[in-house]
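This report concerns only the one structure given below.
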Amino acid sequence: MKQKIQINNIPAILYGSASDKLYLYIHGKHARKEEADQLACIAEKSGFQVLSFDLPEHGERIQEPYPCTVQNSVYDLKEVYSFVKDKYSHISLYACSLGAYFCLLAYQDIKLERCLFLSPVLDMERLIQHMMKWAGLSEEELKRKGEYETTFGETLSWDYYEYVRNHRVKKWDSPTWILYGENDNLTERSVLDAFSVKYNCTVNIMPGGEHYFHTEKQLDYLRNWLEKTII
């Protein structure tokens, strides 16, 4: 069962039959809400509904004049949680990559029942600093320019960077399971280890895996992990 809905003008999909148990699905960059299909197939077997929605500038919102900034994305995540919080007794979370980082900011004061993170971005400040280094750009240059288009497809923004530096993740009390590719080039292993120790996360590392799980082998590994961790 799949139903398209709107949450304060945010296009969303609700999967599954009526239940008091829900997984929120937060996609990553260049993805869309429909990619929750695999998770929904697995979660429904355990009696969950799944709610997925498009982040700003993704899916049905790609033409909207509402950019996918950290501020806008965190606002939308809070709107979606407000929509579901009184409708379900048990709310869990699945989030991927950039979506996981947005969740860490939006939901750090909320105790979710269970959180599953795929290739999460755990330290955005550090990642942006790495991207500046890859682009041969200093902080002073980025501040002066405001925005900078890199040759590797990312737009660096001083406003975004400042927000990230001023809004660090300081709390995460929700039980969390992380699937991480051994060759992840966006979140360093040291960052993963520090986060998982600090917040007592259960980590599964795929040998030879990448940040973006897309090959048949990687997707099979992801599916098997989901089947074991969704309860």
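Summary table below
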| quantity | calculated |
| --- | --- |
| For the chain, size of Cβ-based charge dipole, Lys and Arg +1, Asp and Glu -1, in debye | 600 debye |
| Distance histogram for the stretch 59-106 (every C-alpha pair counted, 10 angstrom bins, percent rounded to whole numbers) | 23, 51, 24, 2 |
| Accessible carbon and sulfur surface of the stretch 96-192 relative to its total accessible area, %, 1.4 Å | 42 percent |
| Cα coordinate range in the stretch 18-152, projected on the principal axes (Å, largest first) | 52, 30, 24 |
| Dimensions (Å) - the stretch 132-231, Cα atoms, principal axes, largest first | 49, 33, 21 |
| Translational D in µm²/s for the chain (Stokes-Einstein at 10 °C, 1.306 mPa s, Kirkwood Rh from C-alpha pairs) | 87 µm²/s |
| 24 Å Cα-Cα reach of Lys87 towards lysines, excluding residues that sit fewer than 8 places from it in its own chain | Lys2, Lys4, Lys21, Lys33, Lys45, Lys78, Lys111 |
| 3J(HN,Hα) from dihedral phi, the stretch 130-143, Karplus parametrisation 6.51/-1.76/1.60, rounded to Hz, x for glycine, proline | 5, 5, 5, 5, 4, 8, x, 10, 8, 4, 4, 5, 5, 4 |
| Bridge type composition, the stretch 90-185 - antiparallel percent by DSSP, nearest 5 | 25 percent |
| Per residue solvent-accessible surface (Å²) - the stretch 104-231, probe of 1.4 Å | 55 Å² |
| Highest-fluctuation residue, Ile178, Ile26, Ile62 considered, GNM on the chain with Cα pairs under 10 Å | Ile62 |
| Antiparallel content of DSSP bridges confined to the chain, in %, to 5 | 35 percent |
| Cα long-axis angle, helix 189-198 against the chain (0 to 90 degrees, to the nearest 10) | 60 degrees |
| Share antiparallel - DSSP beta bridges, the stretch 1-87, percent rounded to 5 | 70 percent |
| The chain: angle of helix 216-229 to the longest principal axis, Cα-based, in degrees nearest 10 | 60 degrees |
| Residues with amide H under 5 Å from that of Leu93, placed H, sequence gap 5 or more | Leu24, Arg114, Cys115, Leu116 |
| Over the chain: helical MRE at 222 nm, DSSP H runs n ≥ 4 each giving -39500 (n - 2.57), nearest 500 | -11000 deg cm²/dmol |
| Candidates Gln49, Gln63, Gln71, ranked by Gaussian network fluctuation over the chain, Cα under 10 Å, top entry | Gln63 |
| Sequence-distant residues sharing a close amide H with Lys29 (under 5 Å, placed H) | Leu98, Gly99 |
| Mean separation of Cα contacts under 8 Å (6+ apart) over length of the chain, as relative contact order % | 17 percent |
| Sorted peptide list for 135-141, 171-177, 210-216, criterion being average Cβ within 10 angstrom, highest first | 171-177, 210-216, 135-141 |
| Tilt relative to the chain, helix 70-84 - C-alpha long axis, 0 to 90 degrees, to 10 | 10 degrees |
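The values are calculated or read from the model by the stated rules, or taken from the named source; none is laboratory data. None of these values were measured; they are calculated from a predicted model. Neighbour counts are summed over all protein chains in view; Cβ atoms, including those assigned to glycine, are modelled from backbone coordinates with ideal geometry. When the accessible area is computed, the model is the full protein with side chains, heavy atoms only, and any ligands, DNA or RNA have been set aside. Shrake-Rupley method; radii C 1.70, N 1.55, O 1.52, S 1.80 Å.
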